[in-house]
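Every read-out reported here was derived from the displayed coordinates using simple, explicitly stated rules and does not represent laboratory data. The model shown is predicted, which means the values in this text are computed figures rather than measured ones.
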Amino acid sequence: MKGMSRAYSLLLAAIAVLVALASSALSQSTTGTVNMSATVSKFVELDSGGSVTLTGNSGGGVTTNGTANNPLAVVINLGELGPSNTSSFVTASIPLKLRTNASYALTMSAAVSSTGTTANRITASDIGFGLGTISRTGIGVNTGGTDTNATSGDPTLASNGSVNATTGRYQFTAIRSHLGSFAAATTALTGSFVMNAVPRSNTNGLTLPAIFAIKPQFYEDGTTTVLATFTISAP
């Protein structure tokens, strides 16, 4: 009996070891890894900020208006620009909206042509241009960002032009206050990033008006066309 008891004890001990080993095998673990990478590229966007405002016009009107958050593609007929229009200026204010995740530069170029053939025709320097008040407001906008306006602002301001004492012609005289300064792509505005980390569905952004103005005068009769092209980039 003593031998059987000893054998029984050894058997129980062996079973206990096997159970312990089995339990250890069942509870073992291994590790694995997933390695991922991603890129965020510089992003800049220029859209319409909303409807155009046209004032001082005699005839004409806004042919294709701006639609907020849609590509900028505005068409305007400034109407009569000869002396029969007694307004001080014919002015078109076009809202722009900028959205970027990086510092940006906004340039503008303008092509002006006229059917007139003399020096009295409307030329690029007769068409005032400037960028108005800049607004960085709304959820998701980098409200602490800074911007530098390289134009002289609203071209109709008294500080931006006057009648030439020699020729009698009204002239825009301030720095980058008329389209003659933008015959080639020229910087109009620069600044720091506009948007914080928010989804693309957030429609806020930096807004400002692009202002074009012309003073009716005794210009040579004919028609004039203007194509202004804005380009935003991330240097």
* Nearest 10 degrees, 0 to 90: what angle lies between the long axis of helix 2-26 and the longest principal axis of the chain (Cα atoms)? -> 10 degrees
* To do: Report, by chain and number, residues whose modeled amide H sits under 5 Å from the one on residue 43, excluding near sequence neighbours (fewer than 5 apart, same chain).
  => 101, 102
* What value does region 39-132 have for Rg/Rh, both radii from Cα atoms and Rh as Kirkwood defines it? -> 1.06
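For every helix of n ≥ 4 consecutive DSSP H residues, a contribution of -39,500 (n - 2.57) applies; sum these over the chain, divide by its total residues, and give [θ] at 222 nm rounded to the nearest 500 deg cm²/dmol.
-4000 deg cm²/dmol
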* To do: Compute the relative contact order of region 44-233 as a whole-number percentage, counting only Cα pairs closer than 8 Å that sit 6 or more residues apart in sequence.
  => 33 percent
* Calculate, axis by axis, the spread of Cα positions in region 44-233 along the three principal axes, and write the results as whole Å, longest axis first. => 54, 31, 25
